[in-house]
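One structure below.
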Amino acid sequence: MASTHQNPHAILVAYPLQGHVIPAVHLAINLASRGFTITFVNTHSIHQQTSRAQGVGSDDIFSGAREAGLDIRYTTVSDGLPVGFDRSLNHDQFMAALLHVLSAHVEELVERVVAEAAPPVSCLIADTFFVWPSALAKKVGLLYVSFWTEPALVFTLYYHMDLLRKHGHFDCSETRKEVIDYIPGVEAIDPRDMTSYLQATDTSTVCHQIISTAFQDAKGADFVLCNTVEELELQTISALQAKKKLYAVGPIFPPGFTKSIVATSLWPESDCTHWLDDKPRGSVLYVSFGSYAHISKRDLMEIANGLMLSKINFVWVLRPDIVSSDDPDLLPNELKEEVRGRSIIIPWCCQIAVLAHPAVGGFLTHCGWNSILESIWCKVPLLCFPLLTDQFTNRKLVVDDWKVGINISDGESIARGEVSEKINHLMRGKSGDELRERMDAVKQTLENALKPDGSSEKNMNRFKDDLKVRIQEKWGSINPKMLARV
Ligand SMILES: *[C@@H]1O[C@H](CO)[C@@H](O)[C@H](O)[C@H]1NC(C)=O
């Protein structure tokens, strides 16, 4: 069969962290609903955590999607560490396994799938943070589609690390403090708004090795899919497109923005929607610092006391390991007592269900990219407390560029009085109204992008067409499976 008449079959490998698995799963659903066949790959560890969080009987997280008519197959791979290993507590060892060991396991799996699959596999879709996809794709004769789950601005900063180094803004003994104004498509960015890795003085860490190797590898990508919206990052995206076939296809959400038919949560979700049902419209602050970042005990106490002083209703997702895995009893009893009537503190929840609830009127967030997109979608203004990685850069977009959120602090560190003041600023009064007005406009941009003639929808279709052209060029009428076996 001539492969050009078929829809593409892609192997999609999700990065084994919560914030990456979520958009990867929804990308798989999106592509499959356009006729792609997807073989979705999770690590054993992510799979085990996901099914444990769901309770019983979820061996294949995509069975519901297949019942809905989507051709998504599911398989798992070892990341190189035993399933029971505590990856959160031993973060660097986990990252070292992703850097050095995972690729050998993936290679074995990809070769097996390529040899057996019908329809034949033509491309590998993998998270940009992996260090091996383009090399592996070349080796086994597939096209490589790099999936970027953060804003284009962050992609371009990493993509131009050599420029940052050359100008003395990264990886030098005395990094410059002046504004960065030489990255193509980025008018100006303060060095403090770069990702934490680009601001670090020690650049020899395992995360730095991952990032520099991954972006070296990404230069070999045939296509890049980016979970952002063209209209929000126009200049940055245009400049990148001079170098890469990059498509802004976000926001990538579950169909209808309801609880996904595919399980993605790594922890059991507490349902607080009943609690929210009794609360006045827009009266509740949602507080969550995501799945990954840790915060210091000091900052935690300033936030807890700030929440107490604010007198505002709140839902707080307080991961038991937010400070560290061996300090689970986080809040003093008097404090819990004081906020009892107007708050609910839970270990984890279905975030889109909470943000979509009409009682929620603000989001105190670490500025993870998924959180930002979801919050904008629900028109919930943001109170920004970035902690690491891309979150500093995301904060700049939210507060300084789009003006749909505010900083949690005007100084270097946070203090309870200011936290309380900022919460009230966000939740009450005129300043909050201005944010909400801006939010309406940015939400409209996201909504328009997903309409049939919207930018993300068009980009996704263009990606599919361009991919098919490449498949035809590469294989003509030859079955890629046969070619891969030669
Ligand atoms: C927010 O804080 C950052 C530093 O973290 C600063 O550069 C920026 O100007 C602040 N923005 C506003 C609107 O206060």
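The values are calculated or read from the model by the stated rules, or taken from the named source; none is laboratory data. Not measured: the values here are computed from a predicted model. All Cβ positions, even for glycine, are placed from backbone atoms using ideal geometry, and neighbour counts span all protein chains on display. Note: areas computed on protein heavy atoms with side chains; ligands, DNA, RNA excluded. Shrake-Rupley method; radii C 1.70, N 1.55, O 1.52, S 1.80 Å.
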Exercise. Given N residues in the chain, what is Rg(Cα) / (2.2 N^0.38 Å)?
Worked result: 0.97
Seminar exercise, completed: Order by accessible surface, 1.4 Å probe, largest leading, for residues 182, 158 comes to 182, 158
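Got a sec? What order do 87, 73, 298 fall in by accessible area at 1.4 Å, biggest, i.e. largest, first?
Descending accessible area places them as 298, 73, 87.
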Exercise. Of the listed peptides 205-217, 441-453, 228-240, what is their order by residue-averaged count of other C-beta atoms within 10 Å, with the highest listed first?
Worked result: 228-240, 205-217, 441-453
For this session: Using Cα pairs closer than 8 Å and at least 6 residues apart in sequence, work out the relative contact order for the stretch 273-445, in percent.
Result: 27
Exercise. Given labels modelled 7 Å from the Cα in the Cβ direction, how far is it in nm from residue 202 to residue 63?
Worked result: 4.6
Exercise. Counting only protein heavy atoms, what percent of the accessible surface of the chain is carbon or sulfur at a 1.4 Å probe?
Worked result: 51
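Return a single number: how many Lys pairs in the stretch 428-472, at a sequence separation of 8 or more or on separate chains, have alpha-carbon atoms below 19 angstrom apart.
Details: 443/451; 443/458; 451/464; 458/468.
Lysine pairs meeting both conditions in the stretch 428-472 amount to 4.
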For this session: At 1.4 Å probe size, with no ligands or nucleic acids counted, give the accessible surface of residue 103 in Å², nearest ten.
Result: 40
For this session: Show which aspartates and glutamates lie in cross-link reach of residue 297 when reach means a straight Cα distance below 20 angstrom and same-chain residues fewer than eight apart are skipped.
Result: 321, 326, 327, 329, 334, 337, 338, 412, 418
Exercise. Counting alpha carbon pairs within less than 8 Å and at least 6 residues apart, what relative contact order, in whole percent, applies to the stretch 316-400?
Worked result: 24
Exercise. In sequence order, what are the phi-derived ³J(HN,Hα) couplings for the stretch 188-199 according to the Karplus relation 6.51 cos²θ - 1.76 cosθ + 1.60 with θ = phi - 60°, rounded to whole Hz, with x for glycine and proline?
Worked result: 6, 9, 6, x, 6, 9, 6, 5, 4, 5, 6, 9
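Which helices pass in the chain if a helix is a full DSSP H run, must span at least 20 angstrom along its long axis by Cα, and must have mean Kyte-Doolittle hydropathy not below 0.5? Don't skip to the answer; put the middle values down first.
Working: long enough: 18-32 (21 Å, 1.00); 102-116 (21 Å, 0.37); 429-450 (32 Å, -1.02); 455-475 (29 Å, -1.64).
Once both thresholds are applied, what remains is 18-32.
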For this session: Take peptides 164-173, 362-371, 183-192 and line them up by average Cβ neighbours within 10 Å, highest first, as a rough protection proxy.
Result: 362-371, 164-173, 183-192
For this session: Please give the contour-minus-distance gain from residue 116 to residue 216: 0.36 nm per residue of separation, less the Cα-Cα distance, rounded to one decimal in nm.
Result: 32.9 nm
Exercise. HN-Hα J couplings of the stretch 383-389 from phi, Karplus 6.51/-1.76/1.60, θ = phi - 60°, integer Hz, Gly and Pro as x?
Worked result: 10, 9, 10, x, 10, 7, 6
Seminar exercise, completed: Karplus ³J(HN,Hα) for the stretch 161-168 (6.51 cos²θ - 1.76 cosθ + 1.60, θ = phi - 60°; Hz, whole; x = Gly/Pro) runs 4, 5, 5, 4, 5, 4, 8, x
For this session: Sort the stretch 273-445 into rounded, prolate or oblate with this rule: let a ≥ b ≥ c be the square roots of the eigenvalues of the Cα gyration tensor; rounded if a/c is under 1.5, and if a/c is not under 1.5, prolate when a/b is larger than b/c, oblate otherwise.
Result: rounded
For this session: Note down the relative contact order for the chain as a percent, whole number, built from C-alpha pairs under 8 angstrom at least six residues apart.
Result: 17
Seminar exercise, completed: What helix-only [θ] at 222 nm does the chain give? Using -39500 (n - 2.57) per DSSP H run of at least 4, over all residues, to the nearest 500, the answer is -12500 deg cm²/dmol
For this session: Search the structure for amide H atoms under 5 Å from the amide H of residue 40, placed 1.01 Å from N in the peptide plane, and list their residues when 5 or more places away or on another chain.
Result: 12, 73, 74, 75
For this session: Provide the packing ranking of 146-155, 414-423, i.e. peptides ordered by the mean count of other C-beta atoms within 10 Å per residue, highest first.
Result: 146-155, 414-423
